[in-house]
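The values are calculated or read from the model by the stated rules, or taken from the named source; none is laboratory data. This one's a predicted model, so the numbers in the text were calculated from it and none came from an experiment. With ideal geometry, Cβ positions are generated from the backbone for all residues, glycine too; neighbour counts draw on all protein chains shown. Ligands, DNA and RNA are excluded from the accessible area calculation, which covers all protein heavy atoms including side chains. Shrake-Rupley method; radii C 1.70, N 1.55, O 1.52, S 1.80 Å.
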Amino acid sequence: MNDPAVARTESARLRQKQDQDQDQDQEQERERRRRPHGPRRRASAAVLVRAALIAAGLVTVYYVLPLDGRSTTGTSALLACGLLLVFVIFWWEVRAIVNSPYPRLKAVEALAATLVLFLLLFAGTYYLLEHSTPGSFSEPLTRTDSLYFTLTTFTTVGYGDVTPRTQTGRVLTMVQMVGGLLLVGVAARILAGAVQAGLRRRGREPSDDFTSRPED
């Protein structure tokens, strides 16, 4: 028969070993939570810088790109090609989010690039329309005026100082309104789904992309 004293000693040693293993696992978990702070902060900063550079670059292109001398048909064709380009870039960004080591941060960059390109595309279209068909809006539009009208339409502020007068101008404005709703609603859901797919792909928790305080 087994000695009860020996059995109690072995049981105590086993519990002590289990407690030590548990303490070690907790310490490793705390260390794991502390360690990624640096890389995540650098990744967050890099995303913000890239998003700002992308926005600045697109705005610069909008102001320096020659947009004069197009007919109404050419303007419509340019808008259609531009919207197709926005869709292609958005789809490429969704795939990049899924494969990114920081899906949420990549989604922020993707949304910034897509949104800025969408707005500048319509601003350029309004500018071309006003110059190819004078009187399409309540007042002549410069590039800044066109961008201003685009932003007020997208944000639904609608000050009313610049309004479309021709049927073509109003159709283009309605297209922007519908596109803005799709961008805010449907596109945002697609990006959120891509983020979750990217996190599941790496077996990570949703909060892993952002810096969080280590638990005690």
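Quick notes
- Per-atom-type breakdown for segment 141-197 gives carbon and sulfur 68% of the accessible area (1.4 Å probe, protein chains only).
- Separation of the T155 and D68 label points, Cα + 7 Å toward Cβ, nm: 3.0
- In Hz, Karplus ³J(HN,Hα) per residue of segment 133-142 (6.51, -1.76, 1.60; θ = phi - 60°; x = Gly, Pro): 10, x, x, 5, 10, 5, 8, x, 10, 8
- Separation between Cα centres of segment 94-136 and segment 166-185, rounded to whole Å: 14
- At full extension, A192 and S138 could sit 15.5 nm farther apart than now, given 0.36 nm per residue minus the alpha carbon distance.
- In segment 58-116, inverting the average of 1/r over every pair of distinct C-alpha atoms gives 13.2 Å as the Kirkwood radius.
- Near F137, the amide H atoms lying under 5 Å from its own belong to R165; only residues 5 or more places off or on other chains count, and H is placed 1.01 Å from N.
- You can think of it this way: the chain between A52 and T168 has 38.5 nm of extra reach, that is 0.36 nm per residue less the Cα-Cα gap.
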